[in-house]
1. Within the bounds of the range 245-268, is there any residue that is surrounded by fewer than 15 Cβ atoms within 10 Å (Cβ to Cβ), without any contact (Cβ under 8 Å) to a residue 24 or more places away in the chain and not in a helix (DSSP H, G or I)?
2. Of the residues that make up the range 177-197, is at least one in contact with an Asp or Glu (Cβ under 8 Å, 6 or more places away or on another chain) and closer than 24 Å to residue 265 by Cα?
3. Please go through the range 97-113 and give me each residue that is assigned to a loop (DSSP other than H, G, I, E, B) and either touching a Ser or Thr at 6+ places or on another chain (Cβ under 7 Å) or not assigned by TED's automatic domain parsing to the domain that holds residue 251 (or both), ordered by number.
4. Might you check whether a residue that is of a type in the set (A, V, I, L, M) and modelled with pLDDT of 95 or more occurs anywhere in the range 76-87?
5. Which residue is surrounded by the fewest Cβ atoms within 10 Å (Cβ to Cβ), if the candidates are limited to the range 269-288 and must be aliphatic (A, V, I, L, M) and assigned to a helix (DSSP H, G or I)?
6. Being among the charged types (D, E, K, R) and touching a residue at least 24 places away in the same chain (Cβ under 8 Å) is the filter here; which residues of the range 164-192 pass it?
7. Restricting the search to the range 171-216, which residues are charged (D, E, K, R) and in contact with a helix residue (DSSP H, G or I) (Cβ under 9 Å, 6 or more places away or on another chain)?
8. Anything in the range 291-314 that is surrounded by fewer than 11 Cβ atoms within 10 Å (Cβ to Cβ) and at pLDDT 95 or above? List them, or say none.
Amino acid sequence: MDQYNAPPRRSILTSTRRTVITASIGAALAAPFARCARAAGGRTIRIGYQRYGTLIILKHTGYLEQALAGAGDRVEWSEHPAGPQMLQAMGSGALDFGITGDTPPIFAQAASSRIVYVAHEPPAPQGEAIIVPKGSPITSLAGLKGKSVALNRGSNVHWLLLRALQHAGLTSADINPVYLPPAAGRPAFDTGRVDAWAIWDPYLSSVEVGSSPRILATAQGLVQNRQFLLADRAFTTAHPDLVQETLRQLNRSDVWAGGHKENVAGYLAADTGLPLDVVARAIDRLSFGVSPMTPDVVAEQQQIADIFAAQHLIPAPLDVSKAVWHAAA
């Protein structure tokens, strides 16, 4: 971690020891309570992450492990290819905490009451786009009528595509959606098996660097493209302190990452196997910072839910506010 200019763990622990030694009387009085905390510890928070985004940066920093170690708690990390798959795992009880774009929580709430919003990150409108090959005759969103568009069903770009089509006076019935995960979407796009692709970073950055596609639209002016922190409802009830600590340490990691983008790009390039310039391009468009859910943000999500229900993409209307976690003051 030191090589990425993050605060080294040893210096943090050393600073803590100095504080305890200096406040010897206070430490002696607190010792019985510390022993009780350790005895009550041993809990595990299971966090799902993707190879790109702020949670994998938190994993690299080790901040959360450091914060939980004193009480004997631990973190268990698991990788997922995209948000829908992550929330499927959470809905089945295999995860406690994760991060996705704006659309996967809508599908998750439609399927189960188990998942709740606990926070959000700022918009990143340049981090997703609808693209066509640079030599394509399609030059506008209206040109997608009757064409095949690859996308990951239920992901953030699903919402982007619906809004973009609406902006062009079209509906999803006017195109031929081809539901593919990113790993399958890229070869389909490169070989011309689909006419267009709705995709997000770092896959978007990769194809931009590799083949200079024509961008028909980014999320700018269409959707917010926020990232949401989500958790298992029962876990938030049983362990609200672990959820709050995770959010605190994620925000700490975000602050560090926002000032060390070159370092972050370096180790994420190593993780993903993508070229450094591709990852650096994506990181430059990534937003940082953790904020609690607000009525305005809930209203943004409610709009997605309403439109997806109207187009029968989810089985029935839903109330997003019922899936928002309210932390105790």
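The values are calculated or read from the model by the stated rules, or taken from the named source; none is laboratory data. These figures come from a predicted structure and were not determined experimentally. Counting neighbours? That spans all protein chains shown, and the Cβs are built from the backbone with ideal geometry, glycine included.
1. yes
2. no
3. 101, 103
4. Checked against the condition, which is being of a type in the set (A, V, I, L, M) and modelled with pLDDT of 95 or more, the range 76-87 yields no hits at all.
5. Among those that are aliphatic (A, V, I, L, M) and assigned to a helix (DSSP H, G or I), it is 270.
6. Within the range 164-192, 174 is the sole residue that qualifies.
7. 174, 186, 190, 193, 195, 201, 208
8. Scanning the range 291-314 gives 295, 296.
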